[in-house]
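The values are calculated or read from the model by the stated rules, or taken from the named source; none is laboratory data. Quick caveat: nothing in here was measured; it's all calculated off a predicted structure. In this analysis, Cβ positions are derived from the backbone assuming ideal geometry, glycine residues included, and neighbour counts consider all displayed protein chains. Ligands, DNA and RNA are excluded from the accessible area calculation, which covers all protein heavy atoms including side chains. Shrake-Rupley method; radii C 1.70, N 1.55, O 1.52, S 1.80 Å.
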Amino acid sequence: MNNILLRAGRLWCAGLVLFLLRLVQNLTGFDPETGLSLPSLPGAAAVACLALLALWELALARKLDKTRASFSRRFAPPQWEKPLLAAGSLLLVAGGLLMAAAGLGGSGGGEGVAAIAAGLTAVASGGCFLLLGRQMASGGEVTVGPLLPAMFFGVFLVLAVYLPAADDPVLARYWLPVLAAAMAAYAFSQLAGFLRGESSPRGFTPVADLAVILCLAATADGGAPRALLFGGCALVLTVFLLLQRERPEPAPAPEKDPEAPAEA
């Protein structure tokens, strides 16, 4: 329980605060006739809070372990976290289906292709996260395969969020969802890096923490597909932050060859 409050509680509380600030900014911070940005106290407060949170995460990261260990030694098998992982996976599947449908029904072009690609890879990611959780719970060998769709999904999500706003001169309208998508993509890449022996808690934890906070805040932007996808990303990354061990488990001792000569 203490682990939940310290790790997940502070992230979701910070994400909720930014969500409320962003929601108020979207309602009051833009001119209803021209769409231009207006001086907004909630918008400025959101930027200031995010900057402070980023500095806080960097300060905390200095105390984290930088040892690179295998995925199975670094992450504990899910137990009570299974329903949370399943819920996050289902959010990705639902959001992916809606986004792919929106892309098919749109005007086409690069935006439509990016939406379809993000939607399909989100559906694949949701299913693969369920598979990954099952592999971890059963103690079986964990491979990089189940995380590959999430890496592609992160890239396409950035494109699906950014391309519709590429010609928008009002940065305040789209900077938060674009940053949230980019941080989620980076976090999934760091998570997959554990399976290649390239990641450590010092690199993964601050990125995933900020991705959770930003994804929760970004649910205030856009329609249902984006809200479901950002919510799914936040929930899935929270689960892996909870499963992450502070120190890797000791490597298993090599088995002795029964035919080897006994030591004198």
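At a glance:
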quantity	calculated
Among (1) open to solvent by less than 10 Å² (accessible area, probe 1.4 Å); (2) of a type in the set (S, T, Y); (3) more than 20 Å from the chain's Cα centre (by Cα), the one test that S138 misses	(1)
Failed criterion for A46 (all others in (1) closer than 30 Å to P164 by Cα; (2) open to solvent by less than 40 Å² (accessible area, probe 1.4 Å); (3) free of Cβ contacts under 8 Å to residues at least 12 places away in the same chain; (4) not charged (D, E, K, R) hold)	(3)
Only one of G133, G110 that is of a type outside the set (K, R), open to solvent by less than 20 Å² (accessible area, probe 1.4 Å), modelled with pLDDT under 95 and in a helix (DSSP H, G or I)	G133
Tally, over segment 1-23, of residues that are open to solvent by 80 Å² or more (accessible area, probe 1.4 Å) and in contact with a Pro (Cβ under 9 Å, 6 or more places away or on another chain)	1
Residue list for segment 172-195, filter: touching a residue at least 40 places away in the same chain (Cβ under 8 Å), over 30 Å from R73 (Cα atoms) and open to solvent by 20 Å² or more (accessible area, probe 1.4 Å)	A172, R173, Y174
Number of positions in segment 24-37 that are surrounded by fewer than 16 Cβ atoms within 10 Å (Cβ to Cβ) and either touching a Phe, Trp or Tyr at 6+ places or on another chain (Cβ under 6 Å) or touching a residue at least 24 places away in the same chain (Cβ under 8 Å) (or both)	2
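A quick yes/no check of all residues on (1) under 23 Å from G223 (Cβ atoms); (2) outside any helix (DSSP H, G or I); (3) touching a residue at least 40 places away in the same chain (Cβ under 8 Å); (4) in contact with a helix residue (DSSP H, G or I) (Cβ under 6 Å, 6 or more places away or on another chain):
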| position | (1), (2), (3), (4) |
| --- | --- |
| A101 | yes, no, no, no |
| L104 | yes, no, no, no |
| A114 | yes, no, yes, yes |
| A124 | yes, no, no, yes |
| A137 | no, no, yes, no |
| V142 | no, yes, yes, yes |
| V161 | yes, no, yes, yes |
